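One structure is given below, encoded as structure tokens.
Please treat every number below as a calculation from the coordinates, not as lab data. Predicted, not measured: the structure shown is a model, and the values here were computed from it. Neighbour counts run over all protein chains shown; Cβ positions are idealised from the backbone, glycine included.
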Amino acid sequence: MNIHSLFDDKADIYAKARPTYPSSLYEWLSGLCASRNVVWDVGCGSGQASADLSQYFDRVEATDVSASQIANAPPYERVRFSVQPAEATGFEDESFDAVCVAQALHWFDYEKFWPEVKRVLKPAGIFAAWGYNWPHVDQSIDHALNESFLSVLNPYWAQQNKLLWDGYKDISLPFQRLDIPDFELKMHWTVYEFFAYLHTWSATRRCMEKVGDDFFMSSFEEISKLWGSGTRRIVSMDFVVIAGRNAA
């Protein structure tokens, strides 16, 4: 199976429902850079991180292998979207002050990706990747979600997701590792926004293709009773960041 096809369908939902990242992350990242001329957002999806990066860098090159994701990316000032694989681009050597990967590092072919990053990253440039996985609301909702939803998805996750679940600890960076501050990822969502997010998961799509969407609707009904219609709750997510500096 072509894993990139997992993100082609429902790309319009993906563009609207995925979490945004903390501003403190971008402030920290941009502060590490000697200059803030241009950054590469790799595996950009529909541009959640690209839009934020454009507030800290003069120009953002945002790429994704999925044409459907790029088609659903809104236009942003200082952001140029293009359909390109992470492992082979048309960018010039030593052209980026920073290379960033949001919620996508676990999908790449590292034998080809790392040489490409080192080729296009400036000397002493910054590489950073981040991602999130399991959501937490409260004990009762978390338990109900696990029983009615997460347990159903177990057979449908791609094996690459385990890299993120393990905090990217098994990924070897070819850069000088940097110490990472503590970052929190929290959203204030209604139950509808929460399930729109769950709908974007690749495993959700694969499960629906196999067994239909009854499990999804049943879980939504159960969680809604606990959540409260129209109520906004804090949804926190396990969040991991890894970063390194290129050789000068």
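Values computed for the structure shown
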| read-out | value |
| --- | --- |
| Relative contact order %, the chain, counting alpha carbon pairs below 8 Å whose residues are six or more apart | 23 |
| Per-pair calculated FRET efficiency, R0 = 51 Å: residue 34 and residue 222 via Cβ, rounded to 0.05 | 0.50 |
| Expected 222 nm ellipticity per residue - DSSP helices of 4 or more, -39500 (n - 2.57), all of the chain, to 500 | -9000 deg cm²/dmol |
| For residue 247, net neighbour charge (Lys/Arg +1, Asp/Glu -1) across residues whose Cβ lies under 12 Å away | +2 |
| For the chain, size of Cβ-based charge dipole, Lys and Arg +1, Asp and Glu -1, in debye | 200 |
| Most mobile listed residue (214, 58, 93) in the chain, GNM with C-alpha springs under 10 Å | 214 |
| Of the GluC sites (Glu not before Pro) in segment 58-122, those whose Cβ has at most 16 other Cβ within 10 Å and which sit in DSSP loop | 77, 92, 94 |
| Under 10 Å, Cβ to Cβ, from residue 234 - net charge with Lys/Arg +1 and Asp/Glu -1 | +2 |
| Kyte-Doolittle mean at least -0.5, axial Cα span of 18 Å or more - DSSP H helices of the chain | 214-227 |
| Loop GluC sites (Glu not before Pro), segment 146-248 (other Cβ atoms within 10 Å of the site Cβ: 14 or fewer; DSSP) | 184 |
| Net lengthening on full extension, residue 20/residue 146 (0.36 nm per residue, minus Cα-Cα) | 43.0 nm |
| Projected label distance in nm at residue 71 and residue 176, using a 7 Å step from Cα toward the beta-carbon | 4.5 |
